[in-house]
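We did not get these values from a lab; they are worked out from the coordinates using the rules stated. Because the structure is a prediction, the values reported are computed rather than measured. Cβ coordinates were reconstructed from backbone atoms using ideal geometry, including for glycine residues, and neighbour counts include every protein chain displayed.
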Amino acid sequence: MAEARSRERSLLRKALSPSYACASPLELGGLADGSLAQPAAARLRDHVSGCARCQTELTLLKDFESAAPRPDEERAVRWISARLERRFSEASAGPSPWRARHGPALPRRSVFTALNVGGFAVAAATLAAAVTIGLREGRPPELAQPSPAAPTVLRSAGITTLSPAGDLDAAPNELRWEPQTGAASYSVQVMEVDHAELWSAETRDASIALPPALRARIVPGKPLLWEVVAKDAAGRAVAWSGKQRFRIRR
Amino acid sequence: MSNHLAAGGGASIWLQELFRRHYTKVVTWCLRVAGDREEAYDLAQGVFVKAQRHLGAFRGDSNVSTWLYSITRSECLNYLRSRSPLNDPLDDDVAEALPDDPESRPERVFELHSSVQAARALLDRELTDTEKRVFTLHYGDDVPLQTITSLLRLENPSGAKAYLVSARRKLARALQRWRASEKLTA
């Protein structure tokens, strides 16, 4: 019985897993809010109309966008949100009215201590990003005032990737990109198409070998993404490659 | 030039404000997945920590809410897999509600249709929208039936279980029809 159920699970999971044609959550989001450009939007809409998986994803995404607690959930949602605020206040360097309102942080597991609050954008970069996001969200966020103590703003720049990209005949042995002026190290990440991380590493070189365990997961037909972020000697990110897509031909 | 955030020193007020706008969505979802406020709190923390870590990868070419959904979905599925891998007690109830005929089990549909695309088309043709969603989440992503009931806000008495039983019956009938047509053409 257990063996039959396990076999059933395995077969059904295989059949119901995302195909190469399936959309990522971000693509579905673009389809839902109309920001996905033609002809990609038409092609994706056609696929979604006949794909149970993408229809399910789209339903969940729309539900998330409009998620509001039911009456029986409201109390728990308020409780959790208040504690998240405390964690943010605890992690934030600046004074917080929330801290005064909610008192000292709770002794619950402190994942938020992992937050590197000093690693965020300074005011000028924040302004650029906030305007972009504020337009999408319908109202501008409250902005921090520029601090005279803030360090020099480092504008972002692009890194030119060399390989891998596009359709390949075999799993790549390494990731390569053009060296970035001012970069002391690079963070690289390999992801599933839904941006779930498969592997990440740091290097001082403009290339890095892929470990055998990761290469074994690069199977024909399965698209993957990778990106590299250049960091200066202080560990601040100074340039990004953007996400590069590749896959092995079937 | 990329529109990534440039990193440096400075306060996290912008990030705090950004996340605050989305607390309700993320927390509500985490609560429905975890079913318990303590677990949901840890899960939601994990979502925002991951969002902070990957903020540099957010390129602004998608809605912030969609980007957070992508992270929330991934974290919630990882949580479910770590909590109860493949052991959903409601599966026993589903099995009991169906005839014990190995030839009518839904995986036979996928075995007999050598092409995954053909099997998916059959699923798309035979099942209602809710049945497809329950089937996809339960078998494709290993989401427990109780969680599916909560996530899809199913309000019938037995929730997702009823849709799964119904879907499997329909697929079994489709299988019988397919076999009958094969015999006719043989």
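Amide H neighbours of A:A239 under 5 Å, counting only residues 5+ apart in sequence or on other chains, H built in-plane at 1.01 Å?
Answer set, sorted by chain and number: A:A157, A:A230.
Which ordering of A:R87, A:R249, A:R43 is given by a fewest-first count of other beta-carbon atoms within 10 Å?
A:R249, A:R43, A:R87
For A:P179, what is the net charge nearby, where nearby means another residue's Cβ is under 14 Å from its Cβ and Lys, Arg count +1, Asp, Glu -1?
Net charge in that neighbourhood comes out at 0.
For every other residue with a beta carbon closer than 14 angstrom to the beta carbon of B:L31, add +1 if it is Lys or Arg and -1 if Asp or Glu, then tell me the sum.
Net charge in that neighbourhood comes out at -1.
How far apart, in nanometres, would the label points at A:A165 and B:H54 be if each is projected 7 angstrom from Cα along the Cα-to-Cβ direction?
Roughly 2.3 nm, to one decimal.
Between A:Q38 and A:K243, what is the FRET efficiency for a Förster distance of 30 Å, r being their Cβ-Cβ separation, to the nearest 0.05?
For R0 = 30 Å, the calculated efficiency reads 0.90.
List B:I148, B:I71 from most exposed to least, where exposure is judged by having the fewest other Cβ atoms within 10 Å.
The most exposed by this proxy come first: B:I71, B:I148.
Please tell me which of these pairs span more than 29 angstrom C-alpha to C-alpha: B:K25/B:K132; A:K14/A:K62; A:K243/B:K161; A:K222/B:K161; A:K243/B:K50; A:K62/A:K231?
Pairs exceeding the cut-off: A:K243/B:K161; A:K222/B:K161; A:K62/A:K231.
Would you tally the net charge around B:S166, using a Cβ to Cβ cut-off of less than 13 Å, leaving B:S166 out, and scoring K and R as +1, D and E as -1?
Net charge around B:S166: +4.
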